[in-house]
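What follows is a structure written as structure tokens; I'll ask about it next.
The values are calculated or read from the model by the stated rules, or taken from the named source; none is laboratory data. Everything numeric in this text was worked out from a predicted model, so none of it was measured. Cβ atoms come from the backbone with ideal geometry, glycine included; neighbour counts cover every protein chain shown. Calculation scope for accessible area: heavy atoms of the full protein, side chains included, ligands and nucleic acids excluded. Shrake-Rupley method; radii C 1.70, N 1.55, O 1.52, S 1.80 Å.
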Amino acid sequence: MTKTLIVTGGAGFIGANFLHLLRRERPDWKLVNLDALTYAGNLENLTELEGHPGYRFVHGDITRPEDIESAFTAARELGGGVSLVHFAAESHVDRSIRSGLPFVQTNVVGTQLLLDAARAHGVERFVHVSTDEVYGSLGESGYFTEETPLAPNSPYSASKAASDMLVRAAVHTHGFPALTTRCSNNYGPYQFPEKLIPLMISKAQDGEPLPVYGDGKNVRDWLYVVDHCEAILAVLERGRVGEVYNIGGHNEYENLAIVRRVLSELGKSEDLIRFVKDRPGHDRRYAIDASKIGRELGWKPRHRFEEALPLTIEWYRTHASWLQRVRNGAYREYLTRQYGG
Ligand code: NAD
Ligand code: DAU
């Protein structure tokens, strides 16, 4: 099995958790992290990896072929056959509603450039980290399977669906060794506080109003980020090339139930809840059928929501300075030091 891995977007939420998992579980692997450090990238997520001889950070953008080349150069210097796990993306639905173009640039153009470079360099495996949002929205019942037709509803999910199709085409046309994962909503350490759970924790801690879109009855299927990372590792090591694997934990909750739980864990009043204007095109319900990855790769989630949500809240409580530095912009100091702006 390959010992050198390029990870794109490793300074973001899931990418950082994945790099920490690999350090623990695959300590002999060499790791290259290619990340543009957009607003969502934070090197303070990775301080424990800094200076490690088997780890390289490449500050680069997947929409720039020369930056992708730098990552492959770093991988070659570390030696061994190279595989790649692709997390880098614009990931927030609300931002895509305000402006779709950055999503097309990174998620679509960036993915194609990465596929071209990875093919030219003969990577052994390429895991494309996608999302359940490509399937669109469910009614009251049913689950997304890998056969559910793609029907994305936001510029974000449309750009991810486009990237999935480019990966599929690379497999079909070039025999490229790619695999695709589609996971439901993640929560856990290092998530940027624009997403529901860390946003609500952060606001509740500060006694600020908690904005709930629409009637609060939209349903998401929540998975602890470490479980997602373990599933990606299983797909990387044992998945069948060309296949899509859904990932989810059968943890469906209405948004309002999540917000109430956060408030109750923190001992705060539900008077902080504010119902606000709905997200345009707001998908009603997501729910994942993850039986294929269970059957083929033996993966199942290890964390129960009832335990992992309090763990997550505790992580944000004990990492108050991480949260504060994200909220006041101090986490961008690295860029100021390196580039003076
Ligand atoms: P995130 O927004 O926290 O992190 C994205 C990372 O990608 C950041 O470090 C950012 O700097 C980097 N990046 C963005 N544009 C880049 C570019 N052009 N070049 C290089 N790096 C760039 O995202 P996340 O929540 O960690 O999601 C990671 C991946 O997982 C995404 O592809 C997302 O679609 C997918 N996903 C996320 C969830 C979820 O619940 N968060 C669920 C399923 C799938
Ligand atoms: O399903 C996987 C997807 O989950 C990932 O592909 C995306 O990258 C990730 O951002 C997430 O998308 P969502 O749109 O589901 O996540 P978000 O945290 O933005 O919102 C979760 C739900 O909470 C959604 O129904 C909207 C609602 N919400 C969100 C925010 C930020 C609110 O009610 N109020 C809020 O302030």
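With the chain treated as a Gaussian network of Cα nodes joined by springs under 10 Å, which of ASP206, ASP164, ASP116 yields the largest mean-square fluctuation?
Taking springs between Cα atoms under 10 Å, the residue moving most is ASP206.
Another question, then. Tell me, what % of the accessible area of the chain is carbon and sulfur with a 1.4 angstrom probe?
On the way: 7090 of 14160 Å².
After summing per-atom areas, the C and S share lands at 50 percent.
Starting from the Cα of LYS277, draw a straight line to each of the aspartates and glutamates and keep only those under 18 Å, dropping any in the same chain fewer than 8 residues away.
Within the straight-line limit of under 18 Å, LYS277 reaches these aspartates and glutamates: ASP94, GLU194, GLU208, ASP215, GLU254.
Tell me the label-point distance for the pair THR145, THR73, using the 7 Å Cα-to-Cβ offset, in nm and rounded to one decimal.
That separation, rounded to one decimal, is 4.9 nm.
Put +1 on the Cβ of every Lys and Arg and -1 on every Asp and Glu Cβ in the chain; which of LEU236, LEU179, HIS303 then has its Cα farthest towards the positive end of the dipole?
LEU236
So which residue, out of GLY51, GLY239, GLY248, gets the largest mean-square fluctuation from a GNM of the chain using Cα contacts under 10 Å as springs?
GLY51
I've got another one for you. Apply the Kirkwood formula to the range 239-341: the hydrodynamic radius equals the inverse of the mean of 1/r over all pairs of different alpha-carbon atoms; give it in Å with one decimal.
Computed over Cα pairs of the range 239-341, the Kirkwood hydrodynamic radius comes out at 17.9 Å.
Which is the longest part of the chain that has none of the GluC sites (Glu not before Pro) sitting in a DSSP loop with at most 10 other Cβ atoms within 10 Å?
The longest such stretch corresponds to 148-341.
When the chain is treated as a GNM, springs tying every alpha-carbon pair under 10 Å, which of LEU150, LEU196, LEU272 comes out with the largest mean-square fluctuation?
Result for the chain, Cα springs under 10 Å: LEU272 fluctuates most.
Could you run the Karplus curve 6.51 cos²θ - 1.76 cosθ + 1.60 with θ = phi - 60° over the range 156-164 and give me ³J(HN,Hα) per residue in whole Hz, x for Gly and Pro?
4, 5, 5, 5, 5, 4, 4, 5, 4
Quote the accessible area belonging to LYS203 in square angstrom, nearest 10, computed with a 1.4 Å probe and with ligands, DNA and RNA left uncounted.
Surface open to solvent at LYS203 totals about 40 Å².
How large is the charge dipole for the chain, taken about the Cα centre, if only the Cβ atoms of Lys, Arg (+1) and Asp, Glu (-1) carry charge, to the nearest 20 debye?
Dipole about the Cα centre, nearest 20: 160 debye.
Once the piece of chain linking GLU208 and GLU307 is laid out straight, how much longer is it, given 0.36 nm per residue of separation minus the C-alpha distance between them?
Fully extending the segment from GLU208 to GLU307 adds 33.1 nm.
May I ask you to derive the relative contact order of the chain, considering only C-alpha pairs under 8 Å and at least 6 residues apart, and to give it as an integer percent?
Normalised by residue count, the contact order of the chain is 18 percent.
Here's something else I'd like to know. Quick one: pull the percentage of alpha-carbon pairs in the chain with a separation above 37 Å.
13
Pull up all non-local amide H partners of LEU210: gap of 5 or more, or a different chain, and H-to-H distance under 5 Å with H placed in the peptide plane.
ILE273, ARG274
Just the accessible area per residue of the range 1-44, please: how many Å² with a 1.4 Å probe?
28
Mind listing the phi-derived Karplus ³J(HN,Hα) values for the range 107-114, rounded to whole Hz, using 6.51, -1.76 and 1.60 with θ = phi - 60°, and x for any glycine or proline?
Computed from phi, the couplings for the range 107-114 are 6, 9, 4, x, 5, 5, 5, 5 Hz.
Additional query: What are the ³J(HN,Hα) couplings of the range 63-72, residue after residue, when phi is run through the Karplus curve with 6.51, -1.76, 1.60 and θ = phi - 60°? Round to Hz, x for glycine and proline.
Result, rounded to whole Hz: 8, 10, x, 5, 6, 5, 4, 4, 5, 5.
Let me ask something else. Can you grab the distance from the C-alpha centre of the range 293-309 to the C-alpha centre of the range 17-70, Å, no decimals?
26
Give, in nm to one decimal, the length gained when the segment between ARG64 and ASP94 is fully stretched (0.36 nm per residue of separation minus the Cα-Cα distance).
Extending this stretch completely gives an extra 8.3 nm.
Any idea how far apart ASP116 and ARG168 come out in nm if each label point goes 7 Å out from Cα toward Cβ?
Each label point is offset 7 Å from its Cα along the Cβ direction, giving 2.2 nm.
Let me ask you something else. Before rounding to the nearest 500, sum -39500 (n - 2.57) across all DSSP H runs of length at least 4 in the chain and divide by the residue total; then give [θ] at 222 nm in deg cm²/dmol.
When only DSSP H runs of four or more count, the value is -12000 deg cm²/dmol.
Excluding residues fewer than 8 places away in the same chain, name every one of the lysines whose C-alpha is closer than 18 Å to that of LYS268.
Straight-line reach from LYS268, under 18 Å: LYS203.
At 1.4 Å probe size, put ARG304, ARG56 in order of accessible surface, largest to smallest. Walk me through the numbers on the way to the answer.
Details: ARG304 130, ARG56 85 Å².
So the residues, ranked largest to smallest area, are ARG304, ARG56.
Whose amide H sits under 5 Å from the amide H of VAL82, counting only residues 5 or more places off or on another chain, with H placed in the peptide plane?
Under 5 Å from the amide H of VAL82 lie the amide H atoms of GLU124, each far enough along the sequence or on another chain.
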